[in-house]
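For reference, the structure discussed in these notes is given below.
The values are calculated or read from the model by the stated rules, or taken from the named source; none is laboratory data. Quick caveat, the model's predicted, so the values are computed rather than measured. Backbone-built Cβ (ideal geometry, glycine too); neighbour counts: all protein chains shown.
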Amino acid sequence: MNAIDIMTPQVLMVRSDASIEATIRKAMLEELTRLNWVPQATIEVRVKDGMLELWGVIFDERQRAALRVAAENLPGVRSVQDHLIWIEPMSGVGFGPPEEGSDPKAAGTLQWPPISPALGV
């Protein structure tokens with residue numbers, strides 16, 4: 001070790017949370033581009049404190065689970081929040097994400113006729 005080594009300050013690079021969030025968001029958007037079955041124009045990705053949120057519309061309920069898996073496998077993602085709405089193409093009826101704690105096997109199953117709490121049915 002010489003005198004110059006002792007005098008040279010060590011540089012520690014620290015990334016801001018905004019930079020990390022932008023990197024995670026960019027990675028998810030690149031994944032959406034890679035997955036040619038995803039309706040990219042209808043999906044919005046938001047990231048805050050390691051939580052990735054998926055917003056938008058899907059047209060096949062199977063896309064919900066696949067998007068969640070893609071998001072969960074990104075480095076830096078701590079949790080995934082699903083705010084996707086599934087539009088059933090034949091009827092145009094929309095369905096939100098399954099409720100927390102519901103049976104994942106029942107996710108995406110339809111009940112006919114649909115139950116509408118607003119109508120008391």
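Test each condition in (1) at pLDDT 95 or above; (2) exposed (fewer than 12 other Cβ atoms within 10 Å of the Cβ) for residue 15 and report the one that comes out false.
Of the numbered conditions (1) at pLDDT 95 or above; (2) exposed (fewer than 12 other Cβ atoms within 10 Å of the Cβ), the odd one out for residue 15 is (1).
Residues of segment 42-79 being part of a strand (DSSP E or B), surrounded by fewer than 18 Cβ atoms within 10 Å (Cβ to Cβ) and of a type outside the set (Asp, Glu), which ones?
46, 48, 51, 55, 56, 57, 79
Name the residue that is nearest to the chain's Cα centre (by Cα), counting only residues in segment 15-41 that are assigned to a helix (DSSP H, G or I) and among the basic types (Lys, Arg).
Checking each candidate, the answer is 25.
On the given criteria, is residue 8 at pLDDT 90 or above and polar (S, T, N, Q)?
Taking the combined requirement at face value, the residue does not satisfy it.
Test of understanding: among 112, 86, 55, which residue is over 15 Å from residue 29 (Cβ atoms), at pLDDT 90 or above and hydrophobic (A, V, I, L, M, F, W, C)?
Going through 112, 86, 55 in turn, just one is over 15 Å from residue 29 (Cβ atoms), at pLDDT 90 or above and hydrophobic (A, V, I, L, M, F, W, C): 86.
Kindly list, by first and then second residue, each pair from a residue in segment 10-25 that is of a type outside the set (Lys, Arg) to a residue that is modelled with pLDDT under 70, limited to pairs with Cβ atoms under 9 Å and residues at least 6 apart or on different chains.
Sorted first by the residue in segment 10-25, then by its partner, the pairs are 23/15.
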